[in-house]
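*Asks:* Here it is, the structure, as C-alpha cells.
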Amino acid sequence: MLDRLLTGPGFLDAAAYPEISFRSELLAWVPAGWRAVGRLQVKNAEHELACCLALHLGGTRPDGSPRILITSSWVIDSRWVTSQWIPGLGRRIVMTCSCSLEPDM
C-alpha cells in the first residue's frame with residue numbers, strides 16, 4: 001500500500017514523471033565523509049540539494065573484480081513532491097538511494 005501511495009499521482013506520480021535525477025556541481029570530502037551539492041530534478045522541477053555519499057564494496061563481479069556501491073542520503077522538502085497532506089509525513093523527507101558502478105566492457 002505504501003508503494004502505491006508513494007508512486008501514485010498524489011506523491012511522486014511515477015507514471016507521469018518516471019525519472020528523478022541529481023546532477024552534482026560540487027563533490028567534497030569533509031571530516032564526516034563525502035558530500036555532493038547540486039540540482040535535484042523531480043516532477044520536472046529543479047531544486048538545490050546537498051547530499052551525503054558513502055562508498056562500499058558490494059561483492060564481486062563475475063571476473064572477480066569488486067563492485068563499488070554508492071549510497072546517497074538527502075533530505076527533501078515534501079512540497080517538492082506533493083501538495084496533499086499525508087498523515088505522518090513531515091515537511092522534511094529523508095531519502096536514501098544506492099547505485100552500483102561497473103566499468104564498461
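The values are calculated or read from the model by the stated rules, or taken from the named source; none is laboratory data. Here the structure is a predicted model, which means the values were calculated and not measured. Cβ atoms come from the backbone with ideal geometry, glycine included; neighbour counts cover every protein chain shown. Quick note on the areas: whole protein, heavy atoms, side chains included, nothing else; ligands and nucleic acids left out. Shrake-Rupley method; radii C 1.70, N 1.55, O 1.52, S 1.80 Å.
*Asks:* If you go through the stretch 15-27 one residue at a time, how many are surrounded by 11 or more Cβ atoms within 10 Å (Cβ to Cβ) and at pLDDT 90 or above?
*Replies:* 1
*Asks:* Mind counting the residues in the stretch 47-81 that are modelled with pLDDT under 80 and under 30 Å from residue 9 (Cβ atoms)?
*Replies:* 0
*Asks:* Looking only at residues that are open to solvent by less than 40 Å² (accessible area, probe 1.4 Å) and polar (S, T, N, Q) in the stretch 72-96, which one is farthest from residue 33 (Cα to Cα)?
*Replies:* Filtering first and then ranking leaves 82.
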